[in-house]
1. Tell me, in nm to one decimal, what length is gained between Asp33 and Glu48 on full extension, where the rule is 0.36 nm per residue of separation less the Cα-Cα distance?
2. Would you calculate the separation in nanometres between label points at Ala120 and Glu154, each defined as 7 Å from the Cα along the Cα-to-beta-carbon direction?
3. Would you mind calculating the gained length between Trp229 and Asn80 on full extension (0.36 nm times residue separation, minus the Cα-Cα distance), in nm to one decimal?
4. Calculate, in nm to one decimal, what Glu23 and Phe91 gain on full extension: separation in residues at 0.36 nm each, minus their alpha carbon distance.
5. Quick one: which residues, 5+ away or cross-chain, put their amide H under 5 Å from the amide H of Val159? H built at 1.01 Å from N.
6. Order of 115-128, 178-191 by packing, highest average Cβ count within 10 Å first?
7. Of all the Cα-Cα pairs you can form in the range 182-291, what percent are over 16 Å apart?
8. From the cross-link list Lys29/Lys272; Lys67/Lys250; Lys92/Lys214; Lys92/Lys272; Lys17/Lys39; Lys175/Lys214, which pairs have alpha carbons spaced over 27 Å apart?
Amino acid sequence: MSEIDLQQTTPEQAAFKATTLIESLPWLKQFRDQIVVVKYGGNAMISEELQDAFAEDIAYLRYVGIKPVVVHGGGPQISNMLDRLAIPSEFKGGYRVTSTEAISVVRMVLTGQINPQLVAKINSHGPFAVGLSGEDAALFGGRRRGVVIDGVEESLGRVGDVVQVDPTPVIDHLKADRIPVVAGVAPDLDRPGQTLNINADAAASALARALGAKKLVILTDVPGLYADWPRRDSLVSHLRAAELRELMPKLESGMIPKMQACLDAVEGGVEKASIIDGRVPHSVLVELFTSEGIGTEVVA
């Protein structure tokens, strides 16, 4: 620390900073050497300030001995590019309908724009991050899915579920002390050579289960799960998987994929899963290293 910094920091300020660091000690002990999968998306991806804060959070995790793995989507950027190219975009049941024309745009934005940008942001703090997609080394295998609306299953086009995961490429990077950054696309197992748009929340959950992660953290655009939306006082900070399963039919369609991802994670062996507000700077650190956390946490 420079002399200028010392002069500007009062003893009280220094004591407060030290107290904050010490309060994180139990969580540092709990998560050290553990894998934490973080799904990155929403408004946190389109604000330069929040991008920088997220990259700092992920680099911080790496420096304190945690093994972060990032899985990202790119909804806002995909929508913008589809609009620019005058390609129709539609959502059904919280999922983007993806035509053959649209899938090339999805793939381009995720693997050619967002992924390298995020890797570069993290690597400004150290040479750690490496970009991957679900198509690399058969990391993900996908199968097309539809969505049931009012009792009727409707097609989503080139949209799929992750039905198999080979975590070997991610594990290899973790063993080399790197930070894997994974784009949410997958090869179509039933149609070799074709790519599927996969929900990044579900992909992060599937990867967390395959890796035996300690925790799954999903960044979203709301403070957490509301038991009775739009009542603001119904925000749920902690619940068990059985309680969440009961709530699922009542949830807003856009929240269902995120909460299903959390439910699948904890029922698949991940100790904890949380959705947090990605619009809050450094929300990942607040969630992991404070008693109160932020957002909604699900446990088995």
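Since every read-out is calculated from the coordinates, none of them should be taken as a lab result. These numbers come from a predicted model, not from an experiment. Here the Cβ positions follow ideal geometry from the backbone for every residue, glycine too, while neighbour counts run over all protein chains shown.
1. In short, 2.4 nm is gained.
2. Placing both labels 7 Å along Cα→Cβ, they lie 3.8 nm apart.
3. Additional length available on full extension: 50.8 nm.
4. Numbers: separation 68, 0.36 × 68 = 24.48 nm, distance 4.29 nm.
Gain on extension, Glu23 to Phe91, equals 20.2 nm.
5. Under 5 Å from the amide H of Val159: Thr98, Arg145, Asn197.
6. 178-191, 115-128
7. When every Cα pair of the range 182-291 is considered, 63 percent fall beyond 16 Å.
8. On the way: Lys29/Lys272 16 Å; Lys67/Lys250 35 Å; Lys92/Lys214 32 Å; Lys92/Lys272 29 Å; Lys17/Lys39 29 Å; Lys175/Lys214 16 Å.
Pairs exceeding 27 Å: Lys67/Lys250; Lys92/Lys214; Lys92/Lys272; Lys17/Lys39.
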